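Comments concern the structure below.
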Amino acid sequence: MKLYGVKGRDILVLVALWGVATIVDRVWFSLDQAPPAWDQGDHLTRAMNYWRVLQTPEIFSSTWWTQLWSLSPGYRAPFVYLATVPFLALCGKGHDSATLVNLLFTAILISSVYLMGRRLFDARTGLWAAALCLIAPSMALMRTDYLLDYGLTAIVAFTMMALTYWRLASSQLRSWLWSLTFGFGCGLTILARPNGLLFLVLPIAWVVLEDLFRRRWLRLLQLAGAFLLAWLIFGGWFTTNWLTILTALGRANTWGVLYQHDPARKGWLGWLYYGRILPNMVSPPIFCLALGCALLHLGSRFRQHRLGKILHPQAVSRRWVWSWLIFFCLGAYLFYSWTLNKEFRFILPYLPIVLLMLARSLAYASGPWMTRLRWGAAAIASAMTLTVLFPLPTLISVSEPHLPYLGDPYPNSEVIAAITQEQPYLRSTLGVAVNTSQINPMNMDFYGSLANFQVYGRQLGISEKTVKQDGRALNWYLTKTQNQGVYEGIEAGQVALKAEVEQNPKLQLQRTWSLPDSSQLHLYQRRHLPIQVEPSSRSATQVQLLQVEVPGTAPPGKPIPVTYKWSGPWADLRDGLVLLTWQQEGGGTSAWYHDHGIALGELMAGAEFPEANQEFQITEHLAMQPPASFPAGSYRLQAAYLNRRSGKTYPLVGPQVQVTLTAQATASPAPELDLVTQLRQLSTGLPAGKLDALFDEIGRINQYDPIQDYVIQAEQTLLYRLQQDPDRLDLLYNLVLTYILQYRAASATQMLTKITRLDAQNPYAWAYLGFIHLYQWQGRKAEVVLEQAYRLNPQLPELRTLRIVSAAMQLNLPLAWKRAQ
């Protein structure tokens, strides 16, 4: 029996190989009790985020697509996460369920390598190559982990196979089909990790130049169609995040906490690094035997003066085959040796092609003694790989052991449960002041996602300068005794944060766990929680403002503590925004806003399922801040309710409360300002071009609200305010900032166009509009508005770069060069 030209026996062998690998891998996962480490926790959380968004798909909504693609704003592209979603949906949410996606990648990998070996050499070579991909220790390490590299390896192998078949296609129909298959794989490669395209750059350049030289215009058209298909696959994600992707890729080249100081990975030694570790990546018995077979074979051919007939006769040019494969490996080696950040998994996608060449060397050698050597080397290599994965006796180690953790479990999930039990109706953020492989912000974030996304883990204390603010911002913190883990450049901030948490009298030790390493894990809670939720057995129909507490006097320009108490039906409270205006009395026009989501938008049912009309009472202990320029006098509260989903609004009749501003008043102790208020204050720097400080602060406060719901609260309340006062510039700038933070370029363009009419003499407004046009790849439109900004102030430092990019985007390279001088 044959399936598309592949013998049934070969299919059975491939299935058997995949089955054996599956058994080994799943046994490993069943034994391992360790929590996911740093990168693994981050990847698992992202997969969970995609699972959540795909629960309610809106494929005809551009906003939904933007939301989907913005879940991976950096170089950690979404393919592996999207491929994981079906396994989470079918097998349940969890670490082991997510790793089932590796079974899919294994099937893609061995099938692609087999087909390439069969096409370039013969079926036996293809089967040996597939087997070596499973035996190699580096591949086994990746199969028993959850990282992007293994998925990328499988997709690069698939794409290289498709490119090879397209290059050798014997009919027009097959040529078109394989070109589209290549385009599909190329799109997935970029969607797996953008720099994965580096593995394919030289082979693609080869076929392009070859077809240009031979004037094969139809094949070039097919290649253009392949690239168009690739763009359709990755274009949505790339256009949404291209700026952060490029900046993240630049930073990634200098990252590497654990090995960035290793001299063996720098300088001329760095160019040899991947060559030195290759035997261990392959497995020394296989590498040495294959290399020996190749040398013996070359020697015999030299003696027979038949160097041009090294390979078994095929329809394919023999020298071309080896050149094709070596060219791929050489390009990958050079590109990834050039980068500063080196680890075996970064270059893993070139290994299947290396293994294919080694398999050819093994499979070609003939004779009974060679057969015994071949199978003996495979058996020894398999045993050595098993000693890497399991605690088995061994005489030689080929790699760092990747053994399953068999000790007592770590309490990651118990920490999350303690928080949700204490606050069952609120979404919480946990500040994690520890960074070991077992307890760290990334894996605590993952365990929070397993609890209905009710808890998020975040790393604070990045800088010593923000430790005080970090220690005041959250209600939950996690610290650990003894070993604190890996911090490198942020160690000072982490030490200061740990001390701040443990010595803060406003925090109390909620619970302690003993860890397997004899240290202790401490969970701290704020003594007086800013948000308190009390369920009632009654039902309600409308939100009410029951109580407001505020000091009688306060100085302008200083935070003022304020307490609001609300009641109403659960659904309306959960979706509710409150429009709070503190209006000057006596006919004055001054007023400040304290708009925000009820309970700061943190209401969440979690494991509870309250009825939509069940009454709850919400008490908020917050702070507001009137501008320092406001005149002295009395200010009275005016309140209204706005439903963020339905748009329903109505006034709230509450107690008559007022506060008197006077410079002689003493400021009362107040908590941190809510994030909507902080965002409003930060937006005042936009008209003056104070972007660095603005985005530094936004990066900090985004840690406190991991889903950035405060941005949505600000947007919706601002839209309501602008209905009453459509030309108010400070509100327009604030709204633009919310659009930018949500990657909503079209909305930002519309609002900035309005701002340039109202604030026409401000060069920053025009520069912002030009930047948004560039972000949308609208070079001509950007050129027009950037020229206006240049006329208003040619000395703006950012303007030079923007004008260079604008010229380059219009393919006016001489003008771009001139502006760069």
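The values are calculated or read from the model by the stated rules, or taken from the named source; none is laboratory data. In this text the structure is predicted, and so the values were computed from the model without any measurement. In this analysis, Cβ positions are derived from the backbone assuming ideal geometry, glycine residues included, and neighbour counts consider all displayed protein chains. Please note that ligands, DNA and RNA were not included when accessible areas were found on the heavy atoms of the full protein model with its side chains. Shrake-Rupley method; radii C 1.70, N 1.55, O 1.52, S 1.80 Å.
Rounded to the nearest 20 debye, the dipole magnitude of the stretch 676-820 is 560 debye, with +1 charges on Lys and Arg beta carbons, -1 on Asp and Glu beta carbons, and the Cα centre as origin.
To the nearest 10 Å², what's Thr589's accessible area with a 1.4 Å probe? Result for Thr589: roughly 130 Å² accessible. Entry note, the chain: the mean residue ellipticity at 222 nm calculated from DSSP H runs of n ≥ 4, each adding -39500 (n - 2.57), is -17500 deg cm²/dmol after division by the residues and rounding to the nearest 500. Excluding the sites themselves, what is the longest stretch of the chain that contains no trypsin sites (Lys or Arg not before Pro) in a DSSP loop with at most 13 other C-beta atoms within 10 Å? Answer from the scan: 1-213. Rounded to the nearest 0.05, the FRET efficiency derived from the C-beta distance between Glu343 and Trp817 at R0 = 41 Å is 0.65. Where Lys and Arg each count +1 and Asp and Glu each count -1, what net charge lies around Asp445 among other residues with Cβ under 15 Å from its Cβ? Summing Lys/Arg as +1 and Asp/Glu as -1 gives +3.
The Cα center of the stretch 396-457 and the Cα center of the stretch 178-231 differ in position by 42 Å.
Each of Ala688, Pro794, Leu813 was placed along the dipole of the stretch 676-820 (beta-carbon charges, centred on the mean Cα), and the one lying farthest toward the positive end is Leu813. Simple spin-label estimate for Gln55 and Ala640 gives 3.3 nm between the two label positions (7 Å along the Cα-to-Cβ direction from each Cα).
When both the stretch 471-501 and the stretch 612-636 are represented by their alpha-carbon centers, they are found 32 Å apart. With the simple spin-label model, which puts each label point 7 Å out from Cα in the Cβ direction, the Ala248 to Cys91 separation comes to 2.5 nm. On the principal axes of its alpha-carbon atoms, the stretch 412-526 has extents of 34, 30, 22 Å, going from largest to smallest. When Cys288, Cys329 are compared by accessible surface with a 1.4 Å probe, the order from highest to lowest is Cys288, Cys329. Heavy-atom surface analysis with a 1.4 Å probe gives the chain a carbon and sulfur content of 60 percent of its accessible area.
For the stretch 778-794, putting each phi into the Karplus relation 6.51 cos²θ - 1.76 cosθ + 1.60 with θ = phi - 60° gives couplings of 10, x, 5, 5, 4, 4, 5, 6, 5, 5, 5, 4, 5, 5, 6, 7, x Hz, in residue order, rounded to whole numbers and with x for Gly and Pro.
Compare the Cα positions of Asn702, Gly183, Asn241 along the charge dipole of the chain (+1 at Cβ of Lys, Arg; -1 at Cβ of Asp, Glu; about the Cα centre) and return the one farthest towards the positive end. Farthest towards the positive end: Gly183. Couplings 3J(HN,Hα) for the stretch 631-641, derived from phi with the Karplus relation 6.51 cos²θ - 1.76 cosθ + 1.60 (θ = phi - 60°), are x, 5, x, 8, 10, 10, 7, 10, 10, 9, 10 Hz, where x marks Gly and Pro. Using the Kirkwood radius over C-alpha pairs as Rh, can you work out the diffusion coefficient of the stretch 531-672 via Stokes-Einstein at 4 °C, viscosity 1.567 mPa s, in µm² per second? Answer from the Stokes-Einstein relation: 82 µm²/s. Cβ-Cβ distance of Ala107 and Ala607, R₀ of 30 Å, FRET efficiency by 1/(1 + (r/R0)^6): the value works out to about 0.25. Return the FRET efficiency for the residue pair Gln761, Leu691: r is the Cβ-Cβ distance, R0 is 25 Å, and the value is rounded to the nearest 0.05. Between Gln761 and Leu691 the formula returns 0.85. Charges were assigned to the Cβ only: +1 to each Lys and Arg, -1 to each Asp and Glu. The resulting dipole of the stretch 412-526 about its Cα centre is roughly 360 debye. For the pair Ser62 and Ser539 in one chain, pulling the backbone fully straight at 0.36 nm per residue adds 168.0 nm over the alpha carbon distance.
Residues Trp338, Trp324, Trp18, sorted by accessible area with the largest first, give Trp338, Trp18, Trp324 [1.4 Å probe; ligands and nucleic acids excluded]. Here's the list of lysines a cross-link from Lys468 could span, going by alpha-carbon distance under 27 Å and ignoring same-chain residues fewer than 8 apart: Lys480, Lys498, Lys506, Lys558, Lys690.
Label separation (Ala591 vs Gln482): 6.0 nm, computed from points 7 Å beyond Cα along the C-beta direction.
For the stretch 345-475, the residue among Met442, Phe390, Gly457 whose Cα projects farthest onto the positive side of the dipole built from Cβ charges is Phe390.
Rolling a 1.4 angstrom probe over the protein heavy atoms with all chains in place gives the stretch 463-602 an accessible area of 44 Å² per residue. The base-10 log of I(q)/I(0) for the chain, evaluated at q = 0.05, 0.07, 0.10 Å⁻¹, reads -0.34, -0.65, -1.18 [Debye formula, identical scatterers on Cα atoms, solvent excluded]. Where Rh is the Kirkwood radius over the Cα pairs of the stretch 676-820, the temperature 25 °C and the viscosity 0.890 mPa s, what D in µm²/s does Stokes-Einstein return? Rounded, D is 155 µm²/s. Taking 0.36 nm per residue of separation and subtracting the Cα-Cα distance, full extension of the segment from Ser514 to Glu414 would add 34.8 nm.
Computed from point charges on the beta carbon alone (+1 for Lys and Arg, -1 for Asp and Glu), the dipole magnitude for the chain about its Cα centre is near 4120 Debye.
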